[in-house]
1. Please state the relative contact order of the stretch 64-163 as a whole percent: Cα pairs under 8 Å, 6+ residues apart?
2. Taking θ as phi - 60°, what are the ³J(HN,Hα) couplings along the stretch 186-202 by the Karplus curve (6.51, -1.76, 1.60), each to the nearest whole Hz, with x for Gly and Pro?
3. With contacts defined as alpha carbon pairs under 8 Å and 6 or more residues apart, what's the relative contact order of the chain in percent?
4. Got a sec? Charge dipole of the stretch 3-105, +1 on Cβ for Lys and Arg, -1 for Asp and Glu; which of 36, 103, 64 is way out at the positive end?
5. Taking a virtual spin label 7 Å from the Cα of residue 175 along the C-beta vector, which residues in the stretch 183-212 bring their backbone nitrogen under 16 Å of it?
6. Give me the percent of accessible area attributable to carbon and sulfur for the chain, probe 1.4 angstrom.
7. Just grab the label-to-label distance for residue 84 and residue 122, each label 7 Å out from Cα along the Cβ direction, in nm (one decimal).
8. If you place +1 on the Cβ of every Lys and Arg, -1 on the Cβ of every Asp and Glu, and leave all else neutral, what size is the dipole of the chain about its Cα centre, to the nearest 20 Debye?
Amino acid sequence: MSNQELLDKLRDTIVSQDINGCVEATNAALAGGINAVDAIENGLSVGMKIVGDKFEAAEIYLPQIMMSAKAMNGAMEILSPLLEGDEDAGKGLAITYVQEGDIHDIGHRLVTTMLGANGFEIIDLGVDVPNEKVIEEIENNKGKKIILVGSALMTTSMLGQKDTIDLLKEEGLRDDVKVMFGGAPVSDAWIAEIGADATAENAADASRVALKIMQ
Ligand code: HCB
């Protein structure tokens, strides 16, 4: 099989909610020389995007999305340990989380894993995180070089990112941290509007951007 066929197979197993097939396709992709980042970004994530579009078009429903997410998680168990970066420590502390009201964690976990692989110390606050908890964590780690890495997958939870920035300002902490927000609805225009520092398209890009703004 060509590389494109291996990636297409990964995509298709996500779209068809084929949990076992996705594990097999992941192993086949690795055996065929596809690296973990490529498999995630150009295979599995493409499938998840199609799943989202089908959901929006009411062609599939929540149980099917959950099966696709399960298939993706199975593949990620194999791929996460293989994500490589420059593991030299000391890049700073990344506090990663998903905004309050939002439980989508696949992209968040990917971004967190990639940042860890690239030498960031990680505090992963998980999903559905209130802004007050984020502030508390920054205060607990005062004096460190910190980057906040927040995800939001819904337009509703994305609005909470503005509240994060406002709260940082209120607490006098805005200049102490860099802030990178991401997730499907997050755009450059939104980042500029709320006064965050950066966004990124995907997990590999998130590591590059984080390293750059933390220099
Ligand atoms: Co969910 N869902 N969902 N969902 N879901 C979305 C997000 C919609 C867009 C689907 C649609 O309508 N087209 C939609 C949101 C609409 C909107 O607000 N615009 C939606 C909805 C509405 C909902 C529910 C409300 C449905 C319901 O209950 N009626 C519900 C919400 C529950 C809640 O959060 N309170 C819900 C539930 C679910 C699950 C549980 C079935 C499942 C989540 C499972 C899980 O995460 N454990 C799910 C899924 C899987 C999706 C879609 C299909 C895929 C999301 C995903 O995992 N993508 C999604 C459709 C879509 O996004 N197109 C749909 C793959 C990952 C790899 O991409 O974008 O998350 P990513 O992350 C990227 C990228 O954004 C970037 O790097 C990552 C890696 O490449 N990135 C960052 C991410 N975070 C970053 C942070 C940074 O600083 C920098 C970069």
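1. Details: 147 pairs, mean separation 34.7, N = 100.
Once divided by the residue count of the stretch 64-163, the mean separation gives 35 percent.
2. 7, 10, 4, 4, 5, 4, 5, 4, 8, x, 7, 8, 6, 9, 8, 6, 8
3. Details: 354 pairs, mean separation 36.1, N = 215.
So the answer I get is 17 percent.
4. Positive-end residue among those listed: 64.
5. Of the residues in the stretch 183-212, none has backbone N under 16 Å from the label point off residue 175.
6. Values: 5390 of 10580 Å².
Answer for the chain is 51 percent, counting heavy atoms of protein chains only.
7. Going from the residue 84 label point to the residue 122 one covers 1.8 nm.
8. Numbers: 17 positive and 36 negative charges, 42 e Å.
Result for the chain is approximately 200 debye, rounded to the nearest 20.
The values are calculated or read from the model by the stated rules, or taken from the named source; none is laboratory data. This structure is a prediction, so every number in the text was calculated from the model and none was measured. Because the Cβ atoms are built from the backbone with ideal geometry, glycine has one as well, and the counts that use them run over all protein chains shown. The protein model used for the area step is the full one, side chains on, heavy atoms only, and it has no ligands, DNA or RNA in it. Shrake-Rupley method; radii C 1.70, N 1.55, O 1.52, S 1.80 Å.
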